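Engineer: Below is a structure I'd like to ask you about.
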Amino acid sequence: MSTLIFFDINGTLIKRDERTDIPFSNAVNTLLSTENIMEGVDTSARSDKDVFMEVLGKADLEFGEKLWQDFLSLYVKQLDKFSNTDVWRENADAVPFVKELKKEDITMALITGELSLGAEYKLKKIGLWECFLTGGYGEDGLRRFDIAEKAFEKVKETTKKNYDKLYVIGDTVLDIQTARHLGAISIAITTGSHSREKLMAEEPDYCIDRFEQVKHLFLK
Ligand SMILES: [Mg+2]
């Protein structure tokens, strides 16, 4: 029996607060010569590329490959600049949980709106990047379901295995819907963007405050 667990990043593995998106905002503001164009833009559970397109719309600009590449080079500079600060911290008990599963050789992958660039910086910072086989990222699709399908495809291509137990762990209603979309068991965590009430209304299979609460599903 093979188990595959997908993790969201922001609000799930990484603690989400008003500072999480600073490198992204700084890069966008530098690119567009604005000060706070991200104000009022809801980034939660969205693809970074989709957010970027919305912001361009606010500035009356159209998306183009040149703008995107310029943004990426500014973004990597910002990620680098912030990599030695504490803007990215472990959420709840994510680090010991993921490391224990890794020791048991459980396959783990990411489903995130974050660009792979940002995902790598953030997860390296908390020492978890190497624990994930692959992932679906912000550049893999504009919508969460597309990103999730891509992530699943990449895992299957890499491992050539079939999985009979799929899980999706995330902090938003969209993560629960994504689990359903993939035919996976959903584990909602209350430490991010959505309240327990809001998550429960979507009827996740599990709703937790800390990862240790579902450890028994994966570890004997
Ligand atoms: Mg999230």
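Engineer: Might you check whether a residue that is of a type in the set (Gly, Ala, Ser) and surrounded by fewer than 22 Cβ atoms within 10 Å (Cβ to Cβ) occurs anywhere in the range 74-89? Break it down into steps so the answer makes sense when it comes.
Structural biologist: Filtering the range 74-89 for residues of a type in the set (Gly, Ala, Ser) gives 83.
Filter again for surrounded by fewer than 22 Cβ atoms within 10 Å (Cβ to Cβ), leaving 83.
Yes, because at least one residue in the range 74-89 is of a type in the set (Gly, Ala, Ser) and surrounded by fewer than 22 Cβ atoms within 10 Å (Cβ to Cβ).
Engineer: May I ask you to list the residues in the range 53-91 that are outside any helix (DSSP H, G or I), of a type in the set (D, E, K, R) and farther than 28 Å from Leu13 by Cβ? Quick ask: steps written out before the conclusion?
Structural biologist: Narrowing the range 53-91 to residues outside any helix (DSSP H, G or I): 59-64, 83-91.
Still in the running and of a type in the set (D, E, K, R): 60, 62, 86, 89-90.
Within the range 53-91, Asp60, Glu62 meet the criteria.
Engineer: A follow-up question, please. For the range 36-51, how many residues are more than 16 Å from the ligand (Cβ to nearest atom) and among the aliphatic types (A, V, I, L, M)?
Structural biologist: Qualifying residue count, the range 36-51: 2.
Engineer: Can you find a residue that is surrounded by fewer than 20 Cβ atoms within 10 Å (Cβ to Cβ) and either among the charged types (D, E, K, R) or within 16 Å of the ligand (Cβ to nearest atom) (or both) anywhere in the range 1-8?
Structural biologist: Let us first name the residues in the range 1-8 that are surrounded by fewer than 20 Cβ atoms within 10 Å (Cβ to Cβ), namely 1-3.
Next, from what is left, pick out any that are either among the charged types (D, E, K, R) or within 16 Å of the ligand (Cβ to nearest atom) (or both): none.
No: zero hits.
Engineer: Among the residues in the range 14-28, are any within 14 Å of the ligand (Cβ to nearest atom), under 21 Å from Lys154 (Cα atoms) and either free of Cβ contacts under 8 Å to residues at least 60 places away in the same chain or touching an Asp or Glu at 6+ places or on another chain (Cβ under 9 Å) (or both)?
Structural biologist: Scanning the range 14-28 turns up no residue that is within 14 Å of the ligand (Cβ to nearest atom), under 21 Å from Lys154 (Cα atoms) and either free of Cβ contacts under 8 Å to residues at least 60 places away in the same chain or touching an Asp or Glu at 6+ places or on another chain (Cβ under 9 Å) (or both).
Engineer: Report whether or not Val41 is surrounded by fewer than 19 Cβ atoms within 10 Å (Cβ to Cβ), in a loop (DSSP other than H, G, I, E, B), not assigned by TED's automatic domain parsing to the domain that holds Lys165 and not small (Gly, Ala, Ser). Explain how you work it out, then say what you get.
Structural biologist: Values: surrounded by fewer than 19 Cβ atoms within 10 Å (Cβ to Cβ): yes; in a loop (DSSP other than H, G, I, E, B): yes; not assigned by TED's automatic domain parsing to the domain that holds Lys165: yes; not small (Gly, Ala, Ser): yes.
Yes.
Yes/no per residue for (1) within 27 Å of Gly64 (Cβ to Cβ); (2) surrounded by 20 or more Cβ atoms within 10 Å (Cβ to Cβ); (3) hydroxyl-bearing (Ser, Thr, Tyr):
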{"residue": "Pro96", "(1), (2), (3)": "no, no, no"}
{"residue": "Leu117", "(1), (2), (3)": "yes, no, no"}
{"residue": "Ile126", "(1), (2), (3)": "no, no, no"}
{"residue": "Arg143", "(1), (2), (3)": "yes, no, no"}
{"residue": "Thr159", "(1), (2), (3)": "no, no, yes"}
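Engineer: Another one. Could you check Lys99 against (1) more than 15 Å from the ligand (Cβ to nearest atom); (2) at pLDDT below 95 and say which number it fails?
Structural biologist: Failed condition: (2).
The values are calculated or read from the model by the stated rules, or taken from the named source; none is laboratory data. Small disclaimer: the values here were computed from a predicted structure and weren't measured. Every residue, glycine as well, gets a Cβ built from its backbone with ideal geometry; the counts of neighbours run over all protein chains shown.
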